[in-house]
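The values are calculated or read from the model by the stated rules, or taken from the named source; none is laboratory data. Since we're looking at a predicted model, the values are computed, not measured. Reconstructed Cβ throughout: ideal geometry from the backbone, glycine too, with neighbour counts over all protein chains shown. These accessible areas exclude ligands, DNA and RNA; they are computed on the full protein's heavy atoms, side chains included. Shrake-Rupley method; radii C 1.70, N 1.55, O 1.52, S 1.80 Å.
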Amino acid sequence: MSLRDHLKYYWNVKLVGSAYLRWQRWQAERKPRIPRNWRTDIIAPPLKISARTKELISRHYLEGRYANGHKPVAWVTSGGPVEILQALGFYVLYPENHGALCGARRYALELSEEAENYGFSQDICSYARTDIGAMLSGKTPVGRLPKPDLLLACTNICQTVLFWYRVLAKHFNVPIILIDTPFVYKNAPEHAIEYVKKQLEASIPVAERVAKKKLSFKKLKEVVRLSREASELWLEIMYRGKTKPAPISVFDQFIHMAPIVEMRGKPETVDFYAAMLKEVDERIKKGIGAVKNERKRLLWDNLPIWYKLRFLAEYLGEHGISVVASTYTMAWGELAPLIDPERPIESMAKTYIYPILNRGTGYKLQKMRDMVDEFDLDGAILHSDRSCKPYSIGQVDQRNRLISEYGIPALLLEADHNDPRAFADEQVKARLDSFIEMLE
Amino acid sequence: MVKIPKRHEVCRKFKEQGGKVAAVLPIHYPRALLRAFDILPVEVWGPPQVDVSYGGAHLQPYVCSIVHNALSFLKTGGLDETDLIIVPHTCDSLQGFGSILLDFVKPRQPVFPVYLPRGKRQEDVEFLVNEFKSLYRGLEKITGKSPKTDEILKRIEIEEKADAKLKELYEIRGEFSFESGKAKSRSSKGDALSTYDFYRVVRAREFLPVEEFIELADEVISEYSFVREGVPVILSGIVPEPMEVLNAIEEAGGFVVADDLACCGRRLYGGGKSSEPLKRMAERIIFGPPDVTRGNLIEERFEHLKYLAEVTGARGIIFYTVKFCEPELFDLPDLKNMLKSAGIPSVQVEIDIGDPLPHQTITRLTAFLEVLA
Ligand code: SF4
Ligand code: SF4
């Protein structure tokens, strides 16, 4: 780590970059601008907090641009235990979040094709293809991604990340920390939790070696506490969807979930969600709904379709349908009660083994069923995501049971979260139309 | 042609003698533990010829054909003779399969998932031992038996002997020694065993009681020679289904001299060391030949394939992949590049195990073998 790199970091990130982004945010807050062609007759304008989300995310990637040489960099899977790395001062990048950003900005296909030209099959997860494409070509809409000094792959979302991170390890020639979280078919046996705990403990010296410093447990507890606070606030925001009309939709949640995924354990994330909650509460007070004329309320299962968020929000909104809750966004909040800052490693072992993606198909069905009650929903859209087998397998039965056992209208919508080639506009519209008819 | 009894005959005979039969999904599991409970493991790699629409009633089209076919096989009564089902956690798709069985399909037989750790660390071994303990308790419940340490060790010894025989078959065919890596030929004996027949024998390990497998291997070793004509190649992938691919390779002028198939070469486990039986079984699986699904690095697989090519004189590698199989698909671009740099050409063909061998696949194999020749 050189003096030049430190100076570059301070100048570009701390002084110029942050000030510029803050100024941009002030401007946007002073004169909120509604994006072009936004159907304000159907859906509420974007949340005011959007300016702050943009600032947070931009600053995060700006920091990444200058991180190499200034601080250690880790690339981490989205459900990975990040607290130890945060406490050690790592700059943490989540390739899946970067993938989502590329998806939302319609940049994922180009990157995906880079990976495919290299030989990766179209049948592997599109997040992985996007990320590998970015790695191979150096292309990204955020300027530049920092090279990792360390990789952390946690299998609590899928095994795919393990294969994907092996590719990264080979290309960057850096160590991987593996946190293997046995799949929970029913309940996690004690020995599985113990196994995760031991791996977390064993990861500390590896991360310390890369960071070239010792982990302070005091700092770790503080990071874990902040992680819990942010997750609790996020959960509160999700629960506000119980109000009628729902103040925000899942499409808003998808846009504003980036900080809870990639900036857990930071004070600014807690402040951000506290501010978001305040704005959501203001909407509730004023009776503002995410959909102007909310007549029906739905559940969304599985990942978002990043390149079609607005299309779906408006198409459904036109019919007075608000998609108010999602098993996916809930995943980053529902485990908040398990996080115990006084027992960081033990509680992390439990927290990280239990995300919805690491649980059985029956649990997922029960979760959907409960959410339908809790949020008083009229039906569910299950996005059958070609890329994400662990989330999608089981949906055929889940859909059938929602309909036959619980009388809940449910639609299986075939698509892909990041690859627009798997989305046929007309076909989707036709499927949605017949589903909407069923809801009436 | 070597005579091998049919699976259902084997199952029936085993059950008539008072044992139980377990249907086991791919890839790694503790064979000896099952046999200590007098349970015969019979593996389910698909199988190829079933009406896949039954699996399609539960699974999306982008799930691999091994899982689709296994579910269809179960739903059409293919597993009716079995008393339990074991689902090792090999990949996201088999994870989903196990979960669907437990939560929705709910077959008559009890289902036991077994999670396989993805590392080679001390904690991975300990965890797998604990998984085997859970399985032991489950098997105790359904059989009423509680085999003692020495009984399990005895079963492990026999399984290790069978695996040693399996290795011997590979060594004779490849004319090398796993131990020293040196070439080792033997004088030709009896009829030549085709590639197709070689795999019929090797894959009999998927369902024959271990004692019968040892007899079969001994018979083949003493009475047959092996086809070694044409271009020697390594076959890599999950399973050689449809098995006609093996004839197609021979007809195109090649012969398989070694493999890195999940159902075969990736299970040439070494002998165990620990005297604690569950630990011994766990170590054998964890430290077996490189396998993507068990978390080995691409470099380890590359080294293994390079080694196999060196000791057997293989001139190229055929990657025979199942469509939608993520574990395999992630490795291939880098693996193929690394092999190319090491002077080992390769070709990839993708199949759906339920389909007849596509003509296009045969053409690609032929073209590849022609270049190698
Ligand atoms: S397979 Fe699913 S969980 Fe895994 S990285 Fe892809 S989208 Fe995420
Ligand atoms: S073929 Fe691949 S994806 Fe299918 S069960 Fe086997 S390892 Fe899993």
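Data table
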| item | result |
| --- | --- |
| Some residue of the stretch A:72-80 being within 16 Å of ligand 2 (Cβ to nearest atom) and open to solvent by less than 10 Å² (accessible area, probe 1.4 Å) | no |
| One residue from A:TYR66, A:TYR127, A:TYR107, A:TYR91 being within 12 Å of ligand 1 (Cβ to nearest atom) and either more than 14 Å from chain B (Cβ to nearest Cβ) or touching a Pro at 6+ places or on another chain (Cβ under 8 Å) (or both) | A:TYR127 |
| Matching residues in the stretch A:379-413 - criterion: being within 26 Å of A:LYS429 (Cα to Cα) and open to solvent by 50 Å² or more (accessible area, probe 1.4 Å) | A:ARG386, A:ARG399, A:ASN400, A:ARG401, A:ILE403, A:SER404, A:TYR406, A:GLY407 |
| Conditions (1) farther than 28 Å from A:LEU136 by Cα; (2) more than 14 Å from chain A (Cβ to nearest Cβ); (3) modelled with pLDDT of 95 or more: number failed by B:LEU278 | (2) |
| Residues of the stretch A:301-324 classified as under 15 Å from the mean Cα position of the chain (by Cα) and within 19 Å of A:ILE42 (Cα to Cα), total | 1 |
| Yes/no for A:ILE132 being within 16 Å of ligand 1 (Cβ to nearest atom), touching a residue at least 40 places away in the same chain (Cβ under 8 Å) and of a type in the set (A, V, I, L, M) | no |
| Test: B:LEU79 is more than 9 Å from chain A (Cβ to nearest Cβ), part of a loop (DSSP other than H, G, I, E, B) and away from ligand 1 (no atom under 16 Å from the Cβ) | yes |
| Total residues in the stretch B:305-339, condition away from chain A (no Cβ under 14 Å) and of a type in the set (A, V, I, L, M) | 7 |
| Boolean, A:LEU382 is within 16 Å of ligand 1 (Cβ to nearest atom) and in contact (Cβ under 8 Å) with a residue 40 or more places away in the chain | yes |
| Number of positions in the stretch A:125-146 that are crowded, with 24+ Cβ neighbours inside 10 Å and in a loop (DSSP other than H, G, I, E, B) | 1 |
| Cβ pairs under 7 Å, 6+ apart, first in the stretch A:209-225 and in contact (Cβ under 8 Å) with a residue 60 or more places away in the chain, second among the β-branched types (Val, Ile, Thr) | A:LEU215/A:ILE84; A:LEU215/A:ILE204; A:LEU220/A:ILE84; A:VAL224/A:ILE339 |
| Cβ pairs under 8 Å, 6+ apart, first in the stretch B:71-90 and among the aromatic types (Phe, Trp, Tyr), second more than 14 Å from ligand 2 (Cβ to nearest atom) and at pLDDT 95 or above | B:PHE73/B:LEU79 |
| Hits in the stretch A:110-124 - residues which are in a loop (DSSP other than H, G, I, E, B) and either touching a residue at least 40 places away in the same chain (Cβ under 8 Å) or within 12 Å of ligand 1 (Cβ to nearest atom) (or both) | A:GLN122, A:ASP123, A:ILE124 |
| Enumerated helices (runs of 4 or more DSSP H) restricted to the stretch A:326-422, each holding at least 2 residues that are away from chain B (no Cβ under 14 Å) | A:327-330, A:344-353, A:361-374 |
| Qualifying position, being closer than 16 Å to A:PHE254 by Cβ and among the acidic types (Asp, Glu), among A:ASP416, A:ASP370, A:ASP378 | A:ASP416 |
| Filter result for B:GLU328 (assigned to a helix (DSSP H, G or I) and within 16 Å of ligand 2 (Cβ to nearest atom)) | yes |
| Hits in the stretch A:178-193 - residues which are free of Cβ contacts under 8 Å to residues at least 40 places away in the same chain and open to solvent by 10 Å² or more (accessible area, probe 1.4 Å) | A:LEU178, A:ASN187, A:PRO189, A:GLU190, A:HIS191 |
| Of all residues making up the stretch A:147-177, the number that are away from ligand 1 (no atom under 16 Å from the Cβ) and either surrounded by 24 or more Cβ atoms within 10 Å (Cβ to Cβ) or under 20 Å from the mean Cα position of the chain (by Cα) (or both) | 3 |
| Residue count for the stretch B:66-87, restricted to those that are surrounded by fewer than 23 Cβ atoms within 10 Å (Cβ to Cβ) and within 16 Å of ligand 2 (Cβ to nearest atom) | 1 |
| Unique residue being part of a helix (DSSP H, G or I), more than 16 Å from ligand 2 (Cβ to nearest atom), at the interface with chain A (Cβ under 7 Å from one of its Cβ atoms) and buried (at least 22 other Cβ atoms within 10 Å of the Cβ) when the list is B:PHE127, B:PHE104 | B:PHE127 |
